[in-house]
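In what follows, a structure is listed as structure tokens, so that the remarks can point back to it.
The values are calculated or read from the model by the stated rules, or taken from the named source; none is laboratory data. These numbers come from a predicted model, not from an experiment. Cβ: placed from backbone, ideal geometry, glycine included. Neighbour counts: every protein chain shown.
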Amino acid sequence: MTTNNPASAAQGSWRRFLETYEPLRTQLYRYCRYLTRSPWDAEDLAQDALARAFVTLARMGAQEPANPRAWLFRIASNLWIDEKRRPREVPTDVPEPATRAAELRAPREAAGTLLVSLSPQERAAVVLKDVFDFSLDEIAKSLGTTAGAVKAALHRGRGKLAEDPAPEPATAPVPGALDAFCAAFNAGDIDRLTALLLDTAVVEVVGATTQYGPEAARRTVLFGMLFGFQRLVDPKARAFFDARFADGAVPEAPPRVEARLHRGRWLLLHFYQHQDGEAVRAVTTLTLDGDHVARLENYFYSPDFLVDIAGELQVPVRVNGHRWWIPEAQS
């Protein structure tokens, strides 16, 4: 009997959407990276752009975008420009705990995203033309302006787009809750991991699933983080992991996590064992509230972001693709 389940229907539509637009995901991330100058902001912007595109497409009826890449870039441009134009309120009378200092940078690393004197529209125009070779008309459509305005923006902005300086090395003591999370994870102790979560904790595998509360997180995300490595080479798990990304994985050795400071924020690198040595296959960030975790974000199906982070930290990396399911045609 067929059940009318809105959640299942939405998930099915979302997966079909991603199967169509996944080939553009890497280019979308690159574009967002050039705009934001930060891997963290780029991944957020790319995810937001895909979500907005999905909702917009559902309202377009049978009509599909004539140029999907330009359409996605336009959505990302609009989101980013709107964010840059939004006034920000910075609290001055609230103490800033050391464990949450990075989280209170709003948006992530916002003060460092525009290191040159370009307006958001000028920066987008330069990137679309000089990096992605869009025509003036394509840029105008992507930015919702005219070809003449694009030409003027390029004249003002070209040559001013500079790379961010390499982040200066920084050291700081590892927050206690982060250290406790690492110890519990590396001991394979799911009970201790669960106990570190607040009752109101939000636990997310970015782009794949979001769980609320410790027990839901334990059954899904935490279990997968600890024991999902066994699926890498398990033929029975092909519905959950693409075999293309399992080459060289060692199923007998569980992953380990290591805390690193990156661009002013703490993260956890997940090192997986392979026949030719360890490599990072995931990154996790924790938002701490005292000795507990208020939010956990695990980046596993974010290959472009993982390569970016690993490159800056100079650690080996293996990616897992964008999908957390296998299309029926391949299963």
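Can you pull out every residue in the stretch 141-178 that is closer than 27 Å to GLU258 by Cβ, modelled with pLDDT of 65 or more, in a loop (DSSP other than H, G, I, E, B) and over 24 Å from the mean Cα position of the chain (by Cα)? Those that are closer than 27 Å to GLU258 by Cβ, modelled with pLDDT of 65 or more, in a loop (DSSP other than H, G, I, E, B) and over 24 Å from the mean Cα position of the chain (by Cα): ALA172, PRO173.
The residues of the stretch 276-307 that are touching a residue at least 60 places away in the same chain (Cβ under 8 Å), part of a strand (DSSP E or B) and not polar (S, T, N, Q), listed by number, are LEU286, LEU288, ASP289, HIS292, VAL293, ALA294, ARG295, LEU296, GLU297, TYR299. Just so you know, in the stretch 120-152 the residues that are touching a Gly at 6+ places or on another chain (Cβ under 9 Å) and without any contact (Cβ under 8 Å) to a residue 24 or more places away in the chain include one that is surrounded by the fewest Cβ atoms within 10 Å (Cβ to Cβ), and it is LEU136. Among the residues making up the stretch 121-139, those that are of a type outside the set (A, V, I, L, M) and either assigned to a loop (DSSP other than H, G, I, E, B) or more than 10 Å from ALA153 (Cα to Cα) (or both) are LYS129, ASP130, PHE132, ASP133, PHE134, SER135, ASP137, GLU138.
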